[in-house]
Amino acid sequence: MEPLDVKTSSYFPLNWRISAVVFTITGLFIAPINIYMGVILTIGGILVLTTYYGVRLDFNSGTYYDYTWIAGFKTGERGRFDKIEYIYINKSKYGQTMSSRAQSTTTIGWEFNGYLKFSETQKLHLRTKPKVRTTLSVTCKPLALN
């Protein structure tokens, strides 16, 4: 069976990625005027846009590689597994308080963490998203797990 290589999530949050698009476009327009600033903005924006978390599962050798992809280089931890028992989703509540001089606002919400369980002691974190169920179903479709 062919190894399965899946992008699990982006490394940077959405607001950073939107800023990276602006920086990349700005860098391309500034490059004819100031080459150094243009190159720095463009390369920085591209790095933010393309850095992500991923996992590679090799079923023939029973190994996995949980990695971070940065500029074409993969860095992370490798491990072994006997079988994949199941995939589960853990629901957790979070709160964030934002304060200013005049007021304080607390935001409370739910986030969902997706895990791939190999054994009782070994599990692999796949995603943390507000809507992890739809993204996990796409991620796990090649595994033939329901």
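The values are calculated or read from the model by the stated rules, or taken from the named source; none is laboratory data. Everything quoted here is computed from the prediction, not taken from an experiment. Glycine also receives a Cβ, built like all others from the backbone with ideal geometry; neighbour counts cover every protein chain displayed. Just so you know, the surface numbers come from the protein's heavy atoms only, side chains and all, with ligands and any DNA or RNA stripped out. Shrake-Rupley method; radii C 1.70, N 1.55, O 1.52, S 1.80 Å.
Size descriptors for the chain: radius of gyration and Dmax over Cα atoms are 19.5, 60 Å. Among the helices of the chain, those built from whole DSSP H runs whose Cα atoms reach 18 Å or more along their own axis and whose mean Kyte-Doolittle hydropathy is at least 1.6 are 35-50.
Label-to-label distance, Lys7 versus Glu85, with points set 7 angstrom from Cα along the beta-carbon direction: 3.2 nm. Near the amide H of Gly76, within less than 5 Å, lie the amide hydrogens of Thr68, all on another chain or at least 5 residues away, with H placed in the peptide plane.
Each Cα pair under 8 Å and six or more residues apart adds its sequence gap; the mean of these over the residue count of the stretch 70-127 is a relative contact order of 33 percent.
Let's test the formula: R0 of 30 Å, r as the Cβ-Cβ distance of Lys117 and Arg17. What FRET efficiency results, to the nearest 0.05? Efficiency at R0 = 30 Å is approximately 0.50.
Once backbone amide H atoms are built at 1.01 Å from N, Leu126 has Gly114, Tyr115, Leu116 as its partners under 5 Å, excluding neighbours fewer than 5 places away on the same chain.
The relative contact order of the chain comes to 18 percent, based on Cα pairs under 8 Å that sit 6 or more residues apart. Ranking of Arg78, Arg56, Arg17, Arg101 by solvent-accessible surface, largest first: Arg101, Arg78, Arg56, Arg17 (1.4 Å probe, protein heavy atoms only, all chains present). For Phe59, the residues whose modelled amide H falls within less than 5 Å of its own, excluding neighbours fewer than 5 places apart on the same chain, are Leu4.
The loop-placed chymotrypsin sites (Phe, Trp or Tyr not before Pro) in the stretch 17-113, going by DSSP, that have at most 15 neighbouring Cβ atoms within 10 Å of their Cβ come out as Phe59. Label positions at Trp110 and Thr97, each projected 7 Å from the Cα along the C-beta direction, are separated by 2.5 nm.
For the chain, carbon and sulfur atoms together expose 58% of the accessible surface, with a 1.4 angstrom probe and every protein chain in place.
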